[in-house]
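Everything below concerns the one structure shown next.
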Amino acid sequence: MEFLKNGKLAPQNFSGQKVSMTKGAVHFKSVFMNNDNLQKLRGIYQNEALDITSETSEPFVLFNKWFNEALASECLEPNAFVLSTIKNNRPRSRVVLLKGVENGDFIFYTNYDSDKGHEIDNTSFVSMNFWWAPLARQVRIEGKIKKVAESVSDDYFKKRPRGSQLGAIASPQSKIVKDRKELEEIFEKVSKKFEHEENIPRPKNWGGFAITPDYMEFWQGRANRLHDRVAFIQVNGEWKTNRLAP
Ligand SMILES: Cc1cc2nc3c(=O)[nH]c(=O)nc-3n(C[C@H](O)[C@H](O)[C@H](O)COP(=O)(O)O)c2cc1C
């Protein structure tokens, strides 16, 4: 991203932006970044059909298949997803990283005292959204969220690089800090505190959340905007499947 001397965003040229893919292709015409041209931005999707077959009739099997294909594609951070929560009836979103899929739950890690942490405490339901651009695929997931067992968070915290462990302790996530210097000073202080400790203990306000989905929707970009959408809804412990109009 380029900025002009006056601090404004330079016109973005999407010319030649091409993503090579294992399946299909997305091409963008050359445009400049203004509303008129944004409206002209059109990806052309040429992908295989999403049909519900025995291979894909279970949402976790399909998620696993798509996730592996995202890993094999040129997706940057395929485990990144948008997590949406609610605060006073207003939705709020941010990106986090999927760190596990276990017993039908999706797991990510964060600071329990962050904004999202408090919003989760208050509502217990969240939505997740994965967008794998090179494959023209979106997965929307909704469900109930709870903290993982402390032992699960401990195990994952131990596996993190030392710098990330120190950062988790140092960062008062979502709180206002005066400037970058203040943040770096806290980090220095924390680093000093643990400089002779081989194992850094997990701070109690940092750990995992597990999302148990009751809705999973798979979206495959197709030609002429006739995209495939297949939704799995849990009813009385069983997954029911519906095809939705794009
Ligand atoms: C690619 C990417 C991955 C991220 N992964 C995480 C993560 O796994 N956990 C986390 O707490 N924040 C993660 N963040 C930062 C969050 O987007 C967000 O800024 C932070 O969690 C504070 O959100 P909140 O104030 O709504 O709680 C990530 C950001 C990006 C762009």
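Return the total of residues in the stretch 136-164 being surrounded by 15 or more Cβ atoms within 10 Å (Cβ to Cβ) and either outside the structural domain of residue 116 (by TED's automatic domain parsing) or within 14 Å of the ligand (Cβ to nearest atom) (or both).
Residues in the stretch 136-164 being surrounded by 15 or more Cβ atoms within 10 Å (Cβ to Cβ) and either outside the structural domain of residue 116 (by TED's automatic domain parsing) or within 14 Å of the ligand (Cβ to nearest atom) (or both): 7 in total.
Between residues in the stretch 88-99 that are within 12 Å of residue 110 (Cα to Cα) and residues that are of a type in the set (Ser, Thr, Tyr) and more than 8 Å from the ligand (Cβ to nearest atom), which pairs lie under 8 Å by C-beta distance while being six or more apart or on different chains?
Sorted first by the residue in the stretch 88-99, then by its partner, the pairs are 99/156.
Give me the helices (runs of 4 or more DSSP H) completely within the stretch 134-200, filtered to those with at least 2 residues that are over 30 Å from residue 231 (Cα atoms) and touching a helix residue (DSSP H, G or I) at 6+ places or on another chain (Cβ under 6 Å), ordered by residue number.
Values: elements: 150-159, 162-170, 180-193.
Where helices (runs of 4 or more DSSP H) fall fully within the stretch 134-200 and carry at least 2 residues being over 30 Å from residue 231 (Cα atoms) and touching a helix residue (DSSP H, G or I) at 6+ places or on another chain (Cβ under 6 Å), they are 162-170, 180-193.
Please specify each residue of the stretch 210-230 satisfying the condition of being within 22 Å of residue 126 (Cα to Cα) and out of contact with any Ser or Thr (no Cβ under 7 Å at 6 or more places or on another chain). Talk me through it step by step, then tell me what you get.
The first filter runs over the stretch 210-230 and keeps only residues within 22 Å of residue 126 (Cα to Cα), leaving 210-219, 229-230.
Across the stretch 210-230, the qualifying residues are 210, 211, 212, 213, 214, 215, 216, 217, 218, 219, 229.
Condition first: modelled with pLDDT of 95 or more, more than 16 Å from the ligand (Cβ to nearest atom) and either on the phi > 0 side of the Ramachandran plot or assigned to a strand (DSSP E or B) (or both). Can you find one or more residues in the stretch 104-114 that meet it? Before you say what the answer is, go through the steps one by one.
Taking the stretch 104-114 as the starting set, the residues that turn out to be modelled with pLDDT of 95 or more are 105-114.
Right, trim to more than 16 Å from the ligand (Cβ to nearest atom) and you get none.
Taking every residue of the stretch 104-114 in turn, none turns out to be modelled with pLDDT of 95 or more, more than 16 Å from the ligand (Cβ to nearest atom) and either on the phi > 0 side of the Ramachandran plot or assigned to a strand (DSSP E or B) (or both).
Which of the residues that make up the stretch 53-67 are modelled with pLDDT of 75 or more and not in a helix (DSSP H, G or I)? Steps first, answer last, please.
Step one: of the stretch 53-67, the residues modelled with pLDDT of 75 or more are 57-67.
57, 58, listed by residue number.
Residue 176 versus (1) more than 24 Å from residue 191 (Cβ to Cβ); (2) without any contact (Cβ under 8 Å) to a residue 12 or more places away in the chain; (3) not aromatic (Phe, Trp, Tyr): which is the lone unmet condition?
Of everything listed in (1) more than 24 Å from residue 191 (Cβ to Cβ); (2) without any contact (Cβ under 8 Å) to a residue 12 or more places away in the chain; (3) not aromatic (Phe, Trp, Tyr), residue 176 misses just condition (1).
Identify, please: which residue in the stretch 86-103 is within 12 Å of residue 211 (Cα to Cα) and over 13 Å from the mean Cα position of the chain (by Cα) and is, among those, nearest to the ligand (Cβ to nearest atom)?
That would be 101.
The values are calculated or read from the model by the stated rules, or taken from the named source; none is laboratory data. Since this is a predicted model, take the numbers as computed values, not measurements. Note: ideal-geometry Cβ built from the backbone for every residue, glycine included; neighbour counts use all protein chains shown.
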